[in-house]
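One structure is given here, and the rest of the page talks about it.
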Amino acid sequence: MKERLEQIKTEAMEVLKGLNSLEQLEEFRVKVLGKKGELTLVLREMGRLPKEERPVVGQLANEIRTTLENALNAKRTELEEAALAKRLEEETIDVTVPGKKPAMGKLHPLTQVLYELEDIFLGMGFDVAEGPEVEWDKYNFEYLNIPKNHPARDTQDTFYINDNILLRTHTSPVQIRTMLKQKPPIKIICPGRVYRSDAVDATHSPIFHQIEGLVVDRNITMGDLKGVLDVFAKQVFGPQTQTRFRPHHFPFTEPSAEVDVSCSICHGEGCRICSYTGWIEILGAGMVHPKVLEYCGINPEEYSGFAFGMGLDRITNLKYGIDDIRLLFENDIRFLKQF
Ligand code: PHE
């Protein structure tokens, strides 16, 4: 029996040396030391030994078990370390590989310019007001002193939802909404989308954007209007920019003007952008018509005001040298990325 035990030990130690995975090691442990393992089976036969031999063989068996267990544990540690080393090697990070840049979005050029213009007016003490794009006919036209038979009300120009409701053709109805609910002093700009039934081409789009301005208070004069627009023009197009007021007609302002800025490309010399005039028209403006104040419950004897309306798309195109309004609405990433 002693010989068999010694043999199990010698064989086991030999096999152990050759094992090279943790799975093999576990299989081996069960085979030799497990409940039905070789060593256990031999020990079961101890009963057949003469009494005086049993303690000696028992001691030997225990020694061999301990030796094998120690060898097994040592082998396990060795294999675990090797496995870890292998994983670490495989998982090494190459710190010299260039990083993956997250794709960054950015604001649409119209939004960028809108924020810039808003900042300029906020800096002059204006608040931002907004109104609905689907508007009452009366706010878009009647309260603005545009009578029923006015050519601007033609279905050629306006998208009607029904007789009383339409898609606003300008941001001026926000003037009305503001004056109806707020008493002077009023000092607001109203940016927003507007709609006209125009055929699409390089300078026309059925959807475009305006920024309206309205100031109503005591003693507001045309001088205030000119001052505000001059500061505005210089901030948007540069300090050398001149403004020019040309007489015009709007039903809701009197007097009315169209306002030009000196061409920021050629500085008045004349170029393709300004059609060789040196000037570029950017907005309509005027003193709020007394009738409009009256319609909104503001006494024109006590208060006066000025208003202006500009095209955001046009200003964006001028600032960036974009020559086709359609580019602003096509959402071609290659185009938008440039701004
Ligand atoms: N609402 C006018 C337009 O759309 C612009 C404007 C606004 C003119 C305010 C004068 C005062 O053409």
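The values are calculated or read from the model by the stated rules, or taken from the named source; none is laboratory data. No experiment lies behind these values; they were computed from the predicted model shown. Cβ: placed from backbone, ideal geometry, glycine included. Neighbour counts: every protein chain shown. What goes into the accessible areas is simple: the full protein's heavy atoms, side chains included, and nothing from ligands, DNA or RNA. Shrake-Rupley method; radii C 1.70, N 1.55, O 1.52, S 1.80 Å.
Matching residues to (1) touching a strand residue (DSSP E or B) at 6+ places or on another chain (Cβ under 8 Å); (2) open to solvent by less than 60 Å² (accessible area, probe 1.4 Å); (3) modelled with pLDDT of 85 or more:
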| residue | (1), (2), (3) |
| --- | --- |
| MET46 | no, yes, no |
| VAL56 | no, no, no |
| LEU72 | no, yes, yes |
| LEU84 | no, no, yes |
| THR96 | no, no, yes |
| LYS100 | no, no, yes |
| LEU107 | no, no, yes |
| GLN112 | no, yes, yes |
| ASP119 | no, no, yes |
Of the residues GLN240, GLN235, only one is open to solvent by 10 Å² or more (accessible area, probe 1.4 Å), more than 10 Å from the ligand (Cβ to nearest atom), of a type outside the set (Val, Ile, Thr) and in contact with a His (Cβ under 7 Å, 6 or more places away or on another chain); which?
GLN240
What about TYR195, is it at pLDDT 95 or above and open to solvent by 10 Å² or more (accessible area, probe 1.4 Å)?
yes
Flagged pairs (Cβ under 6 angstrom, 6 or more apart or on separate chains; first in segment 230-251, of a type in the set (A, V, I, L, M); second not in a loop (DSSP other than H, G, I, E, B)) are ALA233/THR243; ALA233/VAL261
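Quick check on my filter: what residues within segment 203-232 are within 13 Å of the ligand (Cβ to nearest atom), aliphatic (A, V, I, L, M) and within 29 Å of ASP324 (Cβ to Cβ)? Please lay out each step first, then the result.
Our first condition is that a residue be within 13 Å of the ligand (Cβ to nearest atom); within segment 203-232, this holds for 208-216, 222, 225, 228-229.
Going one step further and asking which of them are aliphatic (A, V, I, L, M), we end up with 211, 214-216, 222, 225, 228-229.
Within segment 203-232, ILE211, LEU229 meet the criteria.
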Can you list residue pairs whose Cβ atoms sit under 8 Å apart, with the first residue in segment 63-90 being without any contact (Cβ under 8 Å) to a residue 40 or more places away in the chain and the second being of a type outside the set (Lys, Arg)? Count only pairs 6 or more apart in sequence or on different chains.
ARG65/LEU33; ARG65/LEU39; GLU69/LEU33
